[in-house]
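Trainee: Here it is, the structure, as structure tokens.
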Amino acid sequence: MTKIGKDIALAKQLLETSQLVAIPTETVYGLAANGLNPEAVARIFEAKNRPNFNPLILHVADVAHAKALTREFPAKAQQLAEVFWPGPLTIVLPRHGSVPDIVTGGLDTVAIRIPAHSLTLELLRSINFPLAAPSANPSGYISPTQALHVAEQLGEKVAYILDGGPAAVGVESTIVMVKGDKVYLLRLGGVSEETLRTVVGDIIVTTDAQDKPLAPGMMLNHYAPGKPVLLGNLRELQAKHFKENIGVLAYMEPLAEVPEEQQRILAPSGDLAEAAANVFAYLRELDKLDIDLIIAEPVPDTGIGRAVNDRLRRASGEL
Ligand code: TXA
Ligand code: MG
């Protein structure tokens, strides 16, 4: 069994010798390696079976370290960093020459964030390199929000799992690209589009555009559990699939006539942040049950609810 614990000194020592360590963040667990060492980073791609054109996020402890990884840090990036870091926002900026090609997939830009998790911040402050870290799941599966999820799926492929408890936000970071004075939204996530606009004004949304900057990973068929997921009106889906044994992922209320243990309620009180914190863990739990398929309903499409719906659509293969 993979070692799980809270030993920051051990995590540091393993990372310094180019090994892989899973790290907790407020969004999801990351699979980390020394982001300036191409051989260490290559191990991430191998462990996840990740296509090498899909670039990684570099995690740092403070803005000064973020700046050192870029050629330019425009005023809009500065504003975003001041308000949202540490936190669930990744900023894509012109890449500094010290960042290895394997991290950026050969792009001229690099994705950076300061995660809001005390253990990981302490770890980052104790080392003298950034941590390259994608979500700690095999490529194509949903992201892990607990240390145990990482152990179950990556097992011996990771030298150590730093256990920081369940992820508080529960969906991945929002990704923006800052180019001069323009801000492009590349991925919905922990910081809502509405909140971003209150800080930087106009935002160019490219999460489903064809000819604008995109996060390369968002084009992959992604985030799917093993069982089929159907997204829509629960009662209609239940009626249509009455012959099958279904699992239910509901927003606030369970369905009648489906056993309780085959249902998960994202947010009984309606709180969308709670829905985000639960969505990946509940999909995993349902995926393990002896059922034929999972039916899920969208949550209200506002704030972080939009990121939840985005992940549900990906889980159902719609995106
Ligand atoms: O919350 C998160 O962001 C988590 C935690 C661990 O920080 N990480 C995460 O990493 O979700 P990953 O690798 O699963 O997703 C990173 C996304 C990918 O879709 C990738 O294509 C995009 O970031 N990305 C990375 N570098 C980029 C760049 N230079 N330009 C555009 N997109 C980039
Ligand atoms: Mg991922």
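Trainee: Quick one: in region 296-318, of everything that is assigned to a loop (DSSP other than H, G, I, E, B) and either among the aliphatic types (A, V, I, L, M) or in contact with a strand residue (DSSP E or B) (Cβ under 8 Å, 6 or more places away or on another chain) (or both), which residue is farthest from Arg187 (Cα to Cα)? Full working, then the answer.
Mentor: Quick first cut of region 296-318, residues assigned to a loop (DSSP other than H, G, I, E, B) only: 297-304, 316-318.
With the extra rule that they be either among the aliphatic types (A, V, I, L, M) or in contact with a strand residue (DSSP E or B) (Cβ under 8 Å, 6 or more places away or on another chain) (or both), the set shrinks to 297-299, 304, 316-318.
Details: Glu297: 21, Pro298: 18, Val299: 18, Ile304: 12, Ser316: 18, Gly317: 17, Glu318: 16 Å.
Only one residue fits best here, namely Glu297.
Trainee: Still on this structure: Kindly provide the set of residues from region 255-281 that are outside any helix (DSSP H, G or I), more than 20 Å from Arg313 (Cα to Cα), at pLDDT 95 or above and not polar (S, T, N, Q), ordered by number. So that I can check it myself, show each step before the final result.
Mentor: Let us first name the residues in region 255-281 that are outside any helix (DSSP H, G or I), namely 255-259, 263-271.
Then drop every residue that is not more than 20 Å from Arg313 (Cα to Cα), which leaves 255-259, 268-269.
Next, from what is left, pick out any that are at pLDDT 95 or above: 255, 258-259, 268-269.
The answer is Leu255, Val258, Pro259, Pro268.
Trainee: Something else about it: Looking for something away from ligand 1 (no atom under 11 Å from the Cβ), surrounded by 24 or more Cβ atoms within 10 Å (Cβ to Cβ) and not polar (S, T, N, Q) - is there at least one such residue anywhere in region 161-177?
Mentor: Yes: region 161-177 contains one or more residues that are away from ligand 1 (no atom under 11 Å from the Cβ), surrounded by 24 or more Cβ atoms within 10 Å (Cβ to Cβ) and not polar (S, T, N, Q).
Trainee: Moving on. Answer with yes or no whether Gly180 is surrounded by fewer than 24 Cβ atoms within 10 Å (Cβ to Cβ) and either under 25 Å from Leu283 (Cα atoms) or in contact (Cβ under 8 Å) with a residue 60 or more places away in the chain (or both). Break it down into steps so the answer makes sense when it comes.
Mentor: Numbers: surrounded by fewer than 24 Cβ atoms within 10 Å (Cβ to Cβ): yes; either under 25 Å from Leu283 (Cα atoms) or in contact (Cβ under 8 Å) with a residue 60 or more places away in the chain (or both): yes.
So Gly180 fits the description; yes.
Trainee: Still on this structure, I have one more. Taking region 113-136 only, how many residues are within 16 Å of the chain's Cα centre (by Cα), crowded, with 21+ Cβ neighbours inside 10 Å and more than 16 Å from ligand 2 (Cβ to nearest atom)? Outline the logic, then answer.
Mentor: If we filter region 113-136 for residues that are within 16 Å of the chain's Cα centre (by Cα), which is where we start, we get 113-117, 120, 131-136.
Cutting the leftovers down to crowded, with 21+ Cβ neighbours inside 10 Å gives us 113-115, 117, 120, 131-136.
Okay, now just the ones that are also more than 16 Å from ligand 2 (Cβ to nearest atom), so 114, 117, 120.
Of the residues in that region, 3 qualify.
Trainee: Here are some residues: His65, His59, His96. Which one is surrounded by 19 or more Cβ atoms within 10 Å (Cβ to Cβ) and either closer than 19 Å to Gly170 by Cα or at pLDDT 95 or above (or both)? Give the steps one after another, and end with the answer.
Mentor: Working: His65 fails: surrounded by 19 or more Cβ atoms within 10 Å (Cβ to Cβ); His96 fails: surrounded by 19 or more Cβ atoms within 10 Å (Cβ to Cβ).
Of His65, His59, His96, the one residue that is surrounded by 19 or more Cβ atoms within 10 Å (Cβ to Cβ) and either closer than 19 Å to Gly170 by Cα or at pLDDT 95 or above (or both) is His59.
Trainee: Look at region 157-179 and say how many of its residues are assigned to a loop (DSSP other than H, G, I, E, B) and either among the β-branched types (Val, Ile, Thr) or modelled with pLDDT under 95 (or both).
Mentor: Start the filter on region 157-179 by keeping residues that are assigned to a loop (DSSP other than H, G, I, E, B), which leaves 158-159, 163-173.
Narrowing further to those that are either among the β-branched types (Val, Ile, Thr) or modelled with pLDDT under 95 (or both): 158, 169, 171.
Summing the residues that are assigned to a loop (DSSP other than H, G, I, E, B) and either among the β-branched types (Val, Ile, Thr) or modelled with pLDDT under 95 (or both) in region 157-179 gives 3.
Trainee: Further question on the same structure: Please pick out the residue among Leu293, Leu272 that is within 26 Å of the chain's Cα centre (by Cα) and closer than 30 Å to Pro55 by Cα. Steps first, answer last, please.
Mentor: On the way: Leu293 fails: closer than 30 Å to Pro55 by Cα.
The conditions single out Leu272.
Trainee: Considering only region 42-119, give the strands (runs of 3 or more DSSP E) lying wholly within it that have at least 3 residues that are in the same structural domain as Pro138 (by TED's automatic domain parsing) and touching a helix residue (DSSP H, G or I) at 6+ places or on another chain (Cβ under 7 Å).
Mentor: On the way: elements: 57-59, 89-94, 109-113.
Ranges flagged: 89-94.
Trainee: Failed condition for Lys48, given (1) closer than 16 Å to Ala33 by Cα; (2) buried (at least 24 other Cβ atoms within 10 Å of the Cβ); (3) touching a Leu at 6+ places or on another chain (Cβ under 7 Å), with all others met?
Mentor: Evaluating Lys48 over (1) closer than 16 Å to Ala33 by Cα; (2) buried (at least 24 other Cβ atoms within 10 Å of the Cβ); (3) touching a Leu at 6+ places or on another chain (Cβ under 7 Å) leaves (2) as the failure.
Trainee: Of the residues that make up region 8-16, is at least one of a type in the set (D, E, K, R) and either at pLDDT 95 or above or more than 30 Å from Ala281 (Cβ to Cβ) (or both)? Step through it out loud before you land on a result.
Mentor: First, pick out the residues of region 8-16 that are of a type in the set (D, E, K, R): 12, 16.
Now narrow it down to the ones that are either at pLDDT 95 or above or more than 30 Å from Ala281 (Cβ to Cβ) (or both): 12, 16.
Within region 8-16, one or more residues are of a type in the set (D, E, K, R) and either at pLDDT 95 or above or more than 30 Å from Ala281 (Cβ to Cβ) (or both).
Trainee: Go through region 189-233 and report how many residues are within 16 Å of ligand 2 (Cβ to nearest atom) and modelled with pLDDT of 95 or more.
Mentor: We begin by selecting, within region 189-233, every residue within 16 Å of ligand 2 (Cβ to nearest atom); these are 189-190, 207, 214-225.
Those left that are additionally modelled with pLDDT of 95 or more: 189-190.
Counting residues in region 189-233 that are within 16 Å of ligand 2 (Cβ to nearest atom) and modelled with pLDDT of 95 or more gives 2.
Trainee: Filter region 273-299 down to residues that are within 21 Å of Leu237 (Cα to Cα) and free of Cβ contacts under 8 Å to residues at least 40 places away in the same chain and give me whichever is surrounded by the most Cβ atoms within 10 Å (Cβ to Cβ).
Mentor: So, considering only residues that are within 21 Å of Leu237 (Cα to Cα) and free of Cβ contacts under 8 Å to residues at least 40 places away in the same chain, the one surrounded by the most Cβ atoms within 10 Å (Cβ to Cβ) is Ala275.
The values are calculated or read from the model by the stated rules, or taken from the named source; none is laboratory data. Model, not experiment: these values are computed from the prediction. Counting neighbours? That spans all protein chains shown, and the Cβs are built from the backbone with ideal geometry, glycine included.
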